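Below is one structure, written out as structure tokens; the observations come after it.
The values are calculated or read from the model by the stated rules, or taken from the named source; none is laboratory data. Note that the coordinates shown come from a computational prediction; the quantities given were computed from them, not determined experimentally. Glycine gets a Cβ as well: all are built from the backbone with ideal geometry, and neighbour counts include every protein chain shown. What goes into the accessible areas is simple: the full protein's heavy atoms, side chains included, and nothing from ligands, DNA or RNA. Shrake-Rupley method; radii C 1.70, N 1.55, O 1.52, S 1.80 Å.
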Amino acid sequence: MDKQLQLEEFENYMRTQDMADNTIRAYLFAIRQYFQIYPELTYTDLQLYKLHLIEHYKPQTINLRIHALNCFLNYQEWPDSPIMQVRIQQKIYLDYVISQADYEYLKTRLLSDEDYLSYFLIRFMAATGARISEVIRFTAEDVDQGFKDIHSKGDKIRRMYIPADLQRAARGWLKEIGRESGYLFLNPSGDQISPDGIRRRLKRLAARYGLDEKVIYPHSFRHRFAKNFIESCGDISLLSDLLGHDSIETTRIYLRRSSSEQRAIINQVVDW
């Protein structure tokens, strides 16, 4: 069968499985890459392709491509065993998380400069644990009710609560700018801000205030929420639910300290 036709039929198959558009695109890219290097599906070439991936990509990317090929092989009802994924060595520390001190500094500077959009963006990420794709969906109506429900696959609903202090502050901001409904975070054109718009804004803030760009990115504030929650509450099961993790094992990384925190402890206690 023509390879292009195979890819089109594979794409249709993935859509019948309710796979996300981003996943479908990533899988199709992996299959196309394979066929650009090897003309046919053979066990030997699949293993050679795996070696090619190991030589050129990081473990997460390697496993994504392998998972795509295994999905394709399953769709093709291939008789051989799936390609084994590479083992990813788990870090014993959580890195690239904005410190509480830098977070407080950033909030103070943004308030002083009256950059309220940026101020509430970082507060909503750090106080709700929202992903970048979720924070852009907060509305004035959510602020009024004090929470936002996020619907995910399998008709699951995850509720993100807006803490009372943030709710009061956001209500005051909305009243000041005269917005009673619609999205909270808008771009200069008055449309819903995009994830890329948030990333660019955070890079500018890091440069403006002399902060490490490595820790001024959207997911860093979600990490900050998780670490603060664990330190204040300690309920890892509840945190897992609040973050929308499929497994509590994913959440356990927040029980670890960042590498900078580990170094600070070593410097404080080791004097021999």
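The table below lists the values:
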| quantity | calculated |
| --- | --- |
| Segment 56-143: C-alpha gyration tensor shape, a/c 1.5 cut-off, then a/b vs b/c | prolate |
| Helical contribution to [θ] at 222 nm, DSSP H n ≥ 4, -39,500 (n - 2.57), averaged over the chain, rounded to 500 | -18500 deg cm²/dmol |
| Relative contact order (%) - criterion: Cα under 8 Å, at least six apart; region: the chain | 18 percent |
| Separation between Cα centres of segment 113-138 and segment 161-198, rounded to whole Å | 8 Å |
| Members of 58/214; 50/156; 58/156; 50/203 lying beyond 25 Å, as alpha-carbon distances in this model show | 50/156; 58/156; 50/203 |
| Cut-off 12 Å between beta-carbons: net charge of the residues surrounding residue 111, Lys and Arg +1, Asp and Glu -1 | -1 |
| Share of carbon and sulfur in the accessible heavy-atom surface of segment 168-250 [1.4 Å probe, %] | 46 percent |
| Value of D in µm² per second that Stokes-Einstein yields for the chain, Kirkwood Rh from Cα pairs, at 37 °C (0.692 mPa s) | 151 µm²/s |
| At most 14 other Cβ within 10 Å, DSSP loop - GluC sites (Glu not before Pro), segment 1-47 | 40 |
| Gyration tensor (Cα) of segment 144-217, equivalent ellipsoid semi-axes in angstrom | 25, 19, 15 |
| Heavy-atom surface of segment 190-244, accessible at 1.4 Å and reported per residue (Å²) | 48 Å² |
